[in-house]
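Since every read-out is calculated from the coordinates, none of them should be taken as a lab result. In this text, all values refer to a predicted model and were calculated from it rather than measured experimentally. A quick note on method: Cβ atoms are made from the backbone with ideal geometry, for glycine too, and the neighbour counts reach across all protein chains shown.
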């Protein structure tokens, strides 16, 4: 027996929270599928809500966004390092801030998506067999 799922609409306040969460995750570099998995929803719905966001805000330039976020997180990291050297923060606090900054600015995800296929290998070792004639003594 086949069951048919009934489409349900969510209250506007819940939808606003959901759209905000989707927007934040998209700006962090998450894919529609990973967002859908985390929020327990269909990836088509994530895509629909994201397209609605883009329609109301216009296209988002990811490179400009990354630059702005990098500047903001750089200031945060510098402050946390000063706090560490002043004895106001532990090294563990600084590491937590660094991890949060990486996730917030989405730079690591962006670089992972761009560098895996486009960069040549950094080191290529080629082994060749060469015959040598040594002089006779």
- Dividing the Cα radius of gyration by the Kirkwood radius, what Rg/Rh value follows for region 12-57? 0.92
- Pop a pseudo-label 7 angstrom from the Cα along the beta-carbon direction at both residue 70 and residue 126 and give the gap in nm to one decimal. 3.4 nm
